[in-house]
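Report on the structure given below.
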Amino acid sequence: MNIKSTLTPAVACAACGETLDAATDPAGRHAPFPGAWSICVKCGNVAVFDTDLRLRAPIEADREALKPPDRAALTTLRCRMMQVRGASRGKFLVRWIDDDRKPRCPSNPAYPDGMDLDARLSAENPDCTIELVHPTPGCGHYEIQCSICGLRGAVTTAGRPDDPRSVRMTCRPMARA
């Protein structure tokens, strides 16, 4: 594997404050360029390179220019980074699927920072909380699968501030031997 890193002007991540001063393409194919997307290695926050290769928050035009396969790849990569960092204890396979459409209704102002979904079937049974990338770049859904109990589920998103930021799900009972 040929990993390529490029030094960039140092900026603080808007979400966590981590100093970001390089961009790395694990495939070794690309250096950063104006309009390219970047993901903070500490918190998974997304940003876009400006003309001076400084990172800035994405604007609506950036989101609209991102094609559906690239949006899905970006969000799936952020999910994997969260798993590596241990946000979901590494036992969940999380993939975001882009539905390539716009939301039809406004965001719920009661959840400006996202919502935590409680999808448990019972409070007595074991459960897990899965941290999700928030907000997503558009309408779509997360496919979630637990690698331990086999639980599978889906959570829809609309690319708005009130998107789910986590979901709590009841663990699937294991088969008895």
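The values are calculated or read from the model by the stated rules, or taken from the named source; none is laboratory data. Quick caveat, the model's predicted, so the values are computed rather than measured. Methodologically, a virtual Cβ is constructed for each residue, glycine included, from the backbone with ideal geometry; neighbour enumeration extends over all protein chains shown.
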Residues that are over 15 Å from the mean Cα position of the chain (by Cα), surrounded by 14 or more Cβ atoms within 10 Å (Cβ to Cβ), modelled with pLDDT of 85 or more and at negative phi: does the stretch 82-98 have at least one? no
Please state which of the following conditions residue 67 fails to meet, knowing it meets all the rest: (1) at pLDDT 85 or above; (2) of a type in the set (D, E, K, R); (3) within 17 Å of the chain's Cα centre (by Cα). (1)
Could you check how many residues of the stretch 32-62 are in contact with a Ser or Thr (Cβ under 8 Å, 6 or more places away or on another chain) and modelled with pLDDT under 85? 1
Over the stretch 99-145, the set of residues loosely packed, with under 14 Cβ neighbours inside 10 Å, more than 11 Å from residue 169 (Cα to Cα) and hydrophobic (A, V, I, L, M, F, W, C) is 105, 110
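Across the stretch 21-31, which residue is modelled with the lowest pLDDT among those that are in a strand (DSSP E or B) and either within 19 Å of residue 159 (Cβ to Cβ) or among the charged types (D, E, K, R) (or both)?
So in the stretch 21-31, the residues in a strand (DSSP E or B) come out as 21-25.
Filter once more, keeping what is either within 19 Å of residue 159 (Cβ to Cβ) or among the charged types (D, E, K, R) (or both): 21, 25.
Details: 21: 91, 25: 75.
Going through the qualifying residues, I end up with 25.
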